[in-house]
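These notes concern the structure reproduced below.
Every number in this text was worked out from the coordinates using simple rules, so none of it is lab data. It should be emphasised that the depicted structure is a prediction, and the values quoted were computed from it without experimental measurement. As a convention, Cβ positions derive from the backbone with ideal geometry for all residues, glycine included, and neighbour counts pool all protein chains shown.
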Amino acid sequence: MSIIKIHAREIFDSRGNPTVEVDLYTDKGDNVFMTGVSQAVEHINSSIAPALVGQDVSVVEQEKIDQIMIDLDGTENKSKFGANAILGVSLAVCKAGAAEKGVPLYRHIADLAGNPEVILPVPAFNVINGGSHAGNKLAMQEFMILPIGASTFKEAMRIGAEVYHNLKNVIKKKYGQDATNVGDEGGFAPNILENKEALELLNEAIAKAGYTEEVVIGMDVAASEFYRDGKYDLDFKSPDDSSRYITPDELADLYKSFIKDYPVVSIEDPFDQDDWAAWTNFTDTTDIQVVGDDLTVTNPNRISKAVEEKACNCLLLKVNQIGTVTESMKACKMAQESGWGVMVSHRSGETEDTFIADLVVGLCTGQIKTGAPCRSERLAKYNQILRIEEELGEKAQFAGKNFRKPLME
């Protein structure tokens with residue numbers, strides 16, 4: 001089944017920012033994917049579409065089509081067309097490939113990745129927001145709950161929703177109704193300064209919901225946001241004062257106190273993306289999951305360096321960072337073969353597209369973060385995984401406590 005037409009248009013994401021929607025037509029119908037903007041739309045309609053339409057290549061040949069687009073762009077970082085333009089087409093091709101084979105998208109992705117089975121992920125719900133994503137004083141960007149003690153994805157969703165509602169009540173009681181307004185990803189942003197206070201709120205909500213044995217905590221610190229001259233400013237939203245900066249070692253000690261006092265099992269971007277020594281030292285002295293996002297940006301060169309430096313032990317996989325389905329799969333495989341975990345991630349500005357839900361199941365990474373159990377562009381992904389679990393029936397496997405390395409258990 002070859003491509004007979006590709007058309008791109010500009011739409012808007014959950015932040016009201018322009019993004020791209022791609023329609024790809026084959027003789028079996030159309031497949032749609034959404035990604036981000038006017039230049040990307042122009043590149044797809046005027047350059048990429050003419051190069052692919054009528055080619056003697058089937059939509060099931062994902063790697064071949066992705067390579068055609070990469071060669072057509074001809075730059076190392078896809079700067080000619082933009083990764084968003086190439087990605088929109090790549091993902092539409094992937095959906096069309098599943099339709100051509102007559103299989104669900106997650107099964108097609110698993111086939112492309114060489115995975116004979118599929119695994120349902122543990123959701124990492126971002127329920128308290130800080131950092132540059134929130135208007136409060138909190139320096140660290142995301143505080144997440146992971147229901148690893150659930151036996152199914154459906155149960156994990158129910159647990160997550162119950163803890164979320166309990167958290168809302170805890171915050172309302174302590175800080176007032178205004179503090180329960182939600183941010184871009186559906187989490188709350190109470191006006192607190194101390195990161196430890198956010199962890200206390202999570203602990204209280206988890207206990208009130210009755211899930212202290214089932215739920216653990218993850219964090220996305222996004223430390224590059226408050227990196228200052230080799231040190232870190234945990235009050236970076238206040239007027240600058242270098243006397244309060246702390247060293248990488250002091251920040252590492254703070255994380256270790258969190259791990260000791262709370263059920264923190266995963267920390268993303270604990271240090272600046274180029275503070276390699278701090279990353280390596282921390283990963284070497286803790287047993288928890290240390291996730292690289294800003295550190296790796298889903299880039300094979302930076303992933304290789306991080307593996308060599310032993311800087312982290314988990315890759316945050318964002319398909320838009322690298323630009324094609326094939327390259328995303330290769331990055332995932334590179335991480336898994338290095339003994340790392342992989343967490344599939346949304347973006348803060350999202351659409352209602354559900355591709356990453358099928359992606360996380362097909363790649364068997366065992367964990368996904370795509371916001372709180374709130375806001376429909378976040379729930380769209382979680383609800384798709386619920387549908388997949390129902391479709392799999394007795395064959396459904398939930399990562400649970402093996403979320404870090406589900407393929408090795």
Practice task
Could you tally the net charge around Glu327, taking each other residue with its Cβ under 15 Å from the Cβ of Glu327, Lys/Arg +1 and Asp/Glu -1?
Solution key: +1
Completion exercise
The lysines whose Cα lies under 16 Å from the Cα of Lys5, excluding any fewer than 8 residues away in the same chain, are Lys28, Lys95
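Excluding Ala209 itself, what net charge comes from residues whose Cβ is under 14 Å from its Cβ, given Lys and Arg +1 and Asp and Glu -1?
Numbers: positive: Arg158, Lys168, Lys208; negative: Glu155, Glu162, Glu204, Glu213, Glu214.
Once all neighbours under 14 Å are counted, the net charge is -2.
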Exercise for the section: Collect residues whose amide H, placed 1.01 Å from N in the peptide plane, falls under 5 Å from the amide H of Phe271; neighbours closer than 5 in sequence don't count. Expected result: Ala223
Practice task
Find how many whole Å separate the alpha carbon centroid of the range 74-98 from the alpha carbon centroid of the range 330-349.
Solution key: 19 Å
Handout entry: Mean residue ellipticity (222 nm) of the chain, computed from DSSP H runs ≥ 4 via -39,500 (n - 2.57), nearest 500
Key = -12500 deg cm²/dmol
Practice task
Identify which of the listed values of Cα extents along the principal axes in Å was calculated from the structure shown: [x] 74, 73, 38; [y] 62, 49, 41; [z] 69, 54, 44.
Solution key: [y]
Problem - Subset of Lys208/Lys395; Lys78/Lys381; Lys101/Lys330; Lys137/Lys310; Lys173/Lys260 violating a 30 Å alpha-carbon distance limit - result: Lys208/Lys395; Lys137/Lys310
Exercise for the section: Using θ = phi - 60° and the Karplus relation 6.51 cos²θ - 1.76 cosθ + 1.60, list the HN-Hα couplings for the range 325-336 in order, rounded to whole Hz, with x at every Gly or Pro. Expected result: 4, 4, 5, 5, 5, 5, 5, 4, 5, 4, 5, 5
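What's the FRET efficiency of Thr212 with Lys5 using the Cβ-Cβ distance as r and R₀ = 45 Å, to the nearest 0.05?
0.25
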Exercise for the section: Apply the Karplus parameterisation 6.51 cos²θ - 1.76 cosθ + 1.60, with θ equal to phi minus 60°, to every residue of the range 211-217 and state each ³J(HN,Hα) to the nearest whole Hz, in sequence, with x for glycine and proline. Expected result: 10, 5, 8, 9, 10, 10, 10
Exercise for the section: Just tell me which aspartates and glutamates come within less than 20 Å, Cα to Cα, of Lys333; anything on the same chain fewer than 8 places away is out. Expected result: Glu61, Glu63, Asp66, Asp111, Glu117, Glu268, Asp293, Asp294, Glu308, Glu309, Asp358, Glu409
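Can you bin the range 237-335 into rounded, prolate or oblate? Criterion: square roots of the alpha carbon gyration tensor eigenvalues sorted a ≥ b ≥ c, rounded for a/c under 1.5, prolate for a/b above b/c, oblate for the rest. Don't skip to the end; give the middle numbers.
On the way: a/c = 2.14, a/b = 1.66, b/c = 1.29.
Prolate, because a/c is 1.5 or more and a/b exceeds b/c.
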Practice task
Classify the range 1-151 as rounded, prolate or oblate from the Cα gyration tensor: take a ≥ b ≥ c as the square roots of its eigenvalues, call it rounded if a/c is under 1.5, otherwise prolate when a/b beats b/c and oblate if not.
Solution key: oblate
